[in-house]
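Chemist: Got a structure for you, written out below as structure tokens; questions coming shortly.
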Protein chains: 2
Amino acid sequence: MKKPRPVEPSALRLENQLCFALYTASRALTRAYQPLLAPLGLTYPQYIVMLVLWEGDGLSVSQLGARLALDSGTLTPLLKRLEDNGIVERRRDANDERVVRLFLTASGRALHGRALSIPGELACRAGYEPDAAGLKSLNRLREALEALTRRLDDASTGRGCEADDP
Amino acid sequence: MKKPRPVEPSALRLENQLCFALYTASRALTRAYQPLLAPLGLTYPQYIVMLVLWEGDGLSVSQLGARLALDSGTLTPLLKRLEDNGIVERRRDANDERVVRLFLTASGRALHGRALSIPGELACRAGYEPDAAGLKSLNRLREALEALTRRLDDASTGRGCEADDP
DNA sequence: CGATAACATATTGCGCGCAACTAAATAGCG
DNA sequence: CGCTATTTAGTTGCGCGCAATATGTTATCG
């Protein structure tokens, strides 16, 4: 009979945890964005939604949700707030009354210009040189995070891990 | 007079955004942890708190908050829930009635054993080899995130960026 | 000692995320 | 056609994060 392999107690030390680094970095980024987004009247998740709509509007709530990995429980109230603020319009599709299509209003489109400088401003505040190898390192970090996300989503979908004997 | 330097419209494309990759990866990680933590009766932020307390209890709410970059608005209700679940005890410091010190109960300590295998299990589910160079790449990712967090916190503390002329 | 400032935690309010469930519309099938 | 299954949003409930504020405690200064 096999004993479950022993686990080092240090496995749970906070500073060893990728999970904690990721959790903290994500919150730090949201905090850093907040003062830049406040003048536009946007929260950070609202800004993420606007990034998609600025690329092209008219998509449905579920298409937006697929892009962002968010469901209607999050998006519906968020989009209603954007609509209340006059930035977004929600219209039922005439051919399929189930789907709600999302459109930018004039002021929603106008926000795009004011948002353009935000990523650069944030990178600058964080001390990244705009043209240096720092850009390359940011890209590598982004790719590593995307790879991690893919693996984690697979892990959530699948169940368990292979045991000792196949 | 200098024009503000033009910004590429692609600056706002979603797939170019480190911020989106980080936001998505953080949520994916929380989702991946959730089925492993549910048997312990812990949410992901509660697990992060327990990681600190397992390293040593008796610390104050503000010390815990400094470690996690969380304030009492988040921690107080979270800790009350842990106390209601019989995992943590909150005691006012006898020498300073302002501070609340946090202690593990017996069942809180007992949870530690059940939690030890979680990081490895998750790494395995995500397809990382436990002893391969994959471990090294996870460490590099963690260090990159920690460096980013430090820079972002500096950016949040400080104000603005240097202009074109010093 | 008494007033006041500084400090530690608690409370309130709001906006996510997400699970679970509901409601309405369409698709598909006998 | 009628009935069920599927699809799409919306709703509810709960637990964060975090800003703003309140409450109670200790320190400081005259």
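Chemist: From the set of residues in segment A:71-85 that are of a type outside the set (S, T, N, Q) and more than 11 Å from DNA strand D (Cβ to nearest atom), which is farthest from the other protein chains (Cβ to nearest Cβ)?
Modeler: Among them, the one singled out is A:ASP84.
Chemist: Mind checking whether some residue in segment A:99-107 is assigned to a helix (DSSP H, G or I) and within 13 Å of DNA strand D (Cβ to nearest atom)?
Modeler: Checking segment A:99-107: not a single residue is assigned to a helix (DSSP H, G or I) and within 13 Å of DNA strand D (Cβ to nearest atom).
Chemist: So, in segment A:57-70, of the ones that are within 11 Å of chain B (Cβ to nearest Cβ) and either within 11 Å of DNA strand C (Cβ to nearest atom) or not in a helix (DSSP H, G or I) (or both), which residue ends up surrounded by the most Cβ atoms within 10 Å (Cβ to Cβ)?
Modeler: Per the stated criteria, the residue is A:LEU68.
Chemist: It is to be established whether one or more residues within segment B:88-102 are surrounded by 19 or more Cβ atoms within 10 Å (Cβ to Cβ), farther than 27 Å from A:LEU36 by Cβ, without any contact (Cβ under 8 Å) to a residue 40 or more places away in the chain and more than 11 Å from chain A (Cβ to nearest Cβ).
Modeler: Yes, there is a match, as at least one residue in segment B:88-102 is surrounded by 19 or more Cβ atoms within 10 Å (Cβ to Cβ), farther than 27 Å from A:LEU36 by Cβ, without any contact (Cβ under 8 Å) to a residue 40 or more places away in the chain and more than 11 Å from chain A (Cβ to nearest Cβ).
Chemist: Turning to a different aspect of this structure: Just to be sure before I move on: is B:SER117 of a type in the set (S, T, N, Q) and either at pLDDT below 95 or open to solvent by less than 50 Å² (accessible area, probe 1.4 Å) (or both) in the structure I sent?
Modeler: yes
Chemist: For segment A:58-70, enumerate the residues that are near DNA strand D (Cβ under 9 Å from one of its atoms) and touching a strand residue (DSSP E or B) at 6+ places or on another chain (Cβ under 7 Å).
Modeler: Within segment A:58-70, A:LEU59, A:SER60, A:VAL61, A:LEU64 qualify.
Chemist: So which of B:ASP131, B:ASP96, B:ASP154 ends up being part of a loop (DSSP other than H, G, I, E, B), acidic (Asp, Glu) and at pLDDT below 95? Write out each step before concluding.
Modeler: Details: B:ASP96 fails: at pLDDT below 95; B:ASP154 fails: part of a loop (DSSP other than H, G, I, E, B).
Result: B:ASP131 is the single residue among B:ASP131, B:ASP96, B:ASP154 that is part of a loop (DSSP other than H, G, I, E, B), acidic (Asp, Glu) and at pLDDT below 95.
Chemist: Looking at (1) facing chain A (nearest Cβ under 9 Å); (2) over 20 Å from B:GLN34 (Cβ atoms); (3) more than 15 Å from DNA strand D (Cβ to nearest atom), which is the only condition B:CYS124 fails?
Modeler: (2)
Chemist: May I pose another question? Please go through segment B:36-56 and pick out each residue that is within 13 Å of DNA strand C (Cβ to nearest atom), assigned to a helix (DSSP H, G or I) and open to solvent by 30 Å² or more (accessible area, probe 1.4 Å).
Modeler: Once the filter is applied, which keeps residues that are within 13 Å of DNA strand C (Cβ to nearest atom), assigned to a helix (DSSP H, G or I) and open to solvent by 30 Å² or more (accessible area, probe 1.4 Å), segment B:36-56 yields B:ALA38, B:PRO45.
The values are calculated or read from the model by the stated rules, or taken from the named source; none is laboratory data. Just so you know, these numbers come straight off a predicted model, no measurement behind them. Every residue, glycine as well, gets a Cβ built from its backbone with ideal geometry; the counts of neighbours run over all protein chains shown. When the accessible area is computed, the model is the full protein with side chains, heavy atoms only, and any ligands, DNA or RNA have been set aside. Shrake-Rupley method; radii C 1.70, N 1.55, O 1.52, S 1.80 Å.
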